[in-house]
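One structure is given below, encoded as structure tokens.
Just so it is clear, none of the values below were taken in a lab; they were calculated from the coordinates. Worth saying up front: this structure is predicted, and the values here are computed from it rather than measured. Backbone-built Cβ (ideal geometry, glycine too); neighbour counts: all protein chains shown.
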2 protein chains.
Amino acid sequence: MTVTQVAKSRPGSVRSCEDGTARPLPDGRDQYTISEVVACTGLSAHTLRWYERIGLMPHIDRSHTGQRRFTNKDLDWLAFVGKLRLTGMPVADMVRYAELVRLGDHTRADRRELLEGTRVDVLRRIAELQDTLAVLDYKIDMYAERA
Amino acid sequence: MTVTQVAKSRPGSVRSCEDGTARPLPDGRDQYTISEVVACTGLSAHTLRWYERIGLMPHIDRSHTGQRRFTNKDLDWLAFVGKLRLTGMPVADMVRYAELVRLGDHTRADRRELLEGTRVDVLRRIAELQDTLAVLDYKIDMYAERA
DNA sequence: TGGTTGCTTGGAGTGTGCTCTAAGGTTCTA
DNA sequence: TAGAACCTTAGAGCACACTCCAAGCAACCA
């Protein structure tokens, strides 16, 4: 399945923002405006503010004029949230996970349990999709045969 | 990838309704009430009627009193739609596909193209999910290590 | 000094995919 | 023959995840 071979290499991190749509940010900095984060994550500014409002992000630092200043830690979190979003996990569940993180170290077991549940969902989704792929291949074959 | 090994075995068909949630229907029949279809597909009656209204299903036969009588062909179609739904394909696109089917044989190339596009989407989704799985495994490992 | 750009806020609006309601007709069981 | 269970319709309502709006402040350039 070529999945666990990744082992300990810290996947999907190391400040290249997200994937694909992302422009890399200047290294060695730890303060980004909302528009920089928009450029690098592909999320809209509206969405980023909304994430903060609903508690899916920790409270973001502000400049002396009240503007958001995102840190590298915030970007890491956004990258992880992006992954969870791909699994189809409802935003409410992600908020729950975020809350557990805020509550501190004694919630580690709960967090692990939550992620393991998500993991099972992901495996099921992959199986479903591979099943669907078989159906699609069958149909496409039918259309290809007597074109 | 163990996908094309299915080859020509007609996957996901042969009147066992859908998967999992489904009770099999009595064989050798070709007329089912909406509640029978509900029991076997797991879709709600509302959803089935809505599918017909928006053109995602062909017009369903009626009894002399106006009640729907689904055929085996309808059930096959619903099973296929169920697969497409799993891919995240928007309902509007499925309706488009249904229209092509209604329009007859000369739309076969279009239909094939549509399904091939969907196939690419599915492959991408699977890759994304496997990527996400790696991230989840990494995190779960972290929580497991120093419990 | 004025104009443009970029940011702030709370709250309203949007698109998708159902899901339910109301009002009424049909079929089955006792 | 009554009552329950099941079906019909058009249209309204809902949950989710954004997405946009209005009004206003702040920073910068000509």
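Points to keep in mind about this one:
- Residue by residue along B:103-116, Cβ atoms of other protein chains within 10 Å of the local Cβ number 3 on average.
- For peptide B:30-37, the mean count of partner chain Cβ atoms within 10 Å of a residue's Cβ comes to 0.
- Normalised radius of gyration (Cα atoms, divided by 2.2 N^0.38 Å) for region B:17-145: 1.34.
- Per-copy distances of the residue A:52 label point, shortest first, in nm (7 angstrom along Cα→Cβ): 5.1
- With respect to the axis relating copies B and A by rotation, the chain B residue whose beta carbon is closest, plus that distance in Å, is B:126, 3.
- A label point on residue B:113, set 7 Å along the Cα-to-Cβ line, lies at 5.2 nm from each of its counterparts in the other copies, closest listed first.
- Amide proton proximity set for residue A:69, modelled H, under 5 Å, gap of 5+: A:61, A:62, A:63
- With label points set 7 Å from Cα along Cα→Cβ, the inter-copy distances at residue B:128 are 1.4 nm, sorted shortest first.
- Residue-wise HN-Hα coupling along region A:50-62, computed from phi with Karplus coefficients 6.51, -1.76, 1.60 (Hz; x: Gly, Pro): 5, 4, 5, 4, 8, x, 7, 10, x, 4, 7, 4, 10
- For A:119-130, mean number of other protein chain Cβ atoms within 10 Å: 5
- In order through region A:113-128: 3J(HN,Hα) via Karplus (6.51 cos²θ - 1.76 cosθ + 1.60), integer Hz, x for Gly, Pro: 4, 4, 5, 5, x, 4, 4, 4, 4, 5, 4, 5, 4, 4, 4, 4
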